[in-house]
Amino acid sequence: PPSPREVVKYFGELTQCFYGEDYSEEEQQELAMQIQKLYDEELVANKTQQQYLEDLQWDITNMKEQKLVVSSYSPSSSTDVEYFSQDGYNWARLHCTFTMRQETNVTVTDQIFVLRKDKLGHWKIYGWKPAEEENQN
């Protein structure tokens, strides 16, 4: 995707698939590889491929057991993306609101995503955290 907002939007789309649709083990692996392409190389390097897939499977199983689904997501508008330079890299920060449904209960969470532009000029997700954690600092 060409912009930080589009990267986060695609991340939301894939997340919605992970936590709201039925698929085969092979399709899950394909989704996992696809979402990993959105991650910065430092984020990917934090875990082995096997650890990543096992953690993802645990997370998906846990969400399904709780009957939690990601019903929607909404990244910040393009004008609300904060761009900055630091440590010789170009960075972007933006919010994405995820709506989670558990049967009839609805929860909305606001996540802050930080993206870094790689050597090829692609925006990659460096990390994310709940917005309330940022407000506590």
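The values are calculated or read from the model by the stated rules, or taken from the named source; none is laboratory data. From a predicted model like this one, the values you see are computed outputs, not experimental measurements. Cβ atoms come from the backbone with ideal geometry, glycine included; neighbour counts cover every protein chain shown. The protein model used for the area step is the full one, side chains on, heavy atoms only, and it has no ligands, DNA or RNA in it. Shrake-Rupley method; radii C 1.70, N 1.55, O 1.52, S 1.80 Å.
Rounded, prolate or oblate: which fits the stretch 90-137 when a ≥ b ≥ c are the square roots of the eigenvalues of the alpha-carbon gyration tensor, with rounded for a/c under 1.5 and prolate only if a/b beats b/c? Oblate.
Here the stretch 1-60 has 47 percent of its accessible surface on carbon and sulfur atoms, given a 1.4 Å probe and all protein chains in place. On C-alpha positions alone, give me the angle between the axis of helix 4-18 and the longest principal axis of the chain, in degrees, nearest 10. The angle comes out at about 10 degrees.
Rounded to the nearest Hz, the phi-derived 3J(HN,Hα) couplings of the stretch 73-85 under the Karplus curve 6.51 cos²θ - 1.76 cosθ + 1.60 (θ = phi - 60°) are 8, 8, x, 3, 5, 4, 6, 9, 7, 9, 9, 7, 10, where x marks glycine and proline. Using C-alpha pairs below 8 Å separated by at least 6 residues, the relative contact order for the chain is 27 percent. Across every pair of non-identical alpha carbons in the stretch 16-81, the mean reciprocal distance, once inverted, gives a Kirkwood radius of 13.5 Å. Among Gly127, Gly20, Gly88, which one moves the most in a GNM of the chain with springs linking Cα atoms closer than 10 Å? Among Gly127, Gly20, Gly88, the largest GNM mean-square fluctuation belongs to Gly88.
For the stretch 77-137, GluC sites (Glu not before Pro) meeting the loop criterion (DSSP other than H, G, I, E, B) and having at most 16 other Cβ atoms within 10 Å: Glu103. Around the amide H of Gly127, modelled in the peptide plane, lie the amide H atoms of Val114, all under 5 Å away and 5 or more residues distant in sequence or on another chain.
Secondary-structure-derived ellipticity at 222 nm for the chain, considering helices only, amounts to -12000 deg cm²/dmol, per-run term -39500 (n - 2.57) for DSSP H runs with n ≥ 4. With a Förster radius of 22 Å applied to the C-beta separation of Leu14 and Asn90, the computed FRET efficiency comes to 0.40. A 1.4 Å probe run over the protein chains yields, for the stretch 52-115, 60 Å² of accessible area per residue, whole-number rounding. Connecting C-alpha atoms closer than 10 Å in a GNM of the chain, tell me which of Gln50, Gln28, Gln111 has the biggest fluctuation. Looking only at Gln50, Gln28, Gln111, the biggest GNM fluctuation is shown by Gln50. In a simple Cβ point-charge model (Lys, Arg +1; Asp, Glu -1; nothing else charged), the stretch 24-137 has a dipole of about 260 debye relative to its Cα centre.
Only lysine pairs 8 or more places apart, or on different chains, with alpha-carbon atoms under 26 angstrom apart are counted in the chain, and they number 23. For Ser71, the residues 5 or more places off, or on other chains, whose built amide H falls under 5 Å of its own are Thr99, Met100, Arg101. Across the options Ile112, Tyr83, Ile125, the greatest Cα extent toward the positive end of the charge dipole of the chain (unit charges at beta carbon of Lys, Arg, Asp, Glu) belongs to Tyr83.
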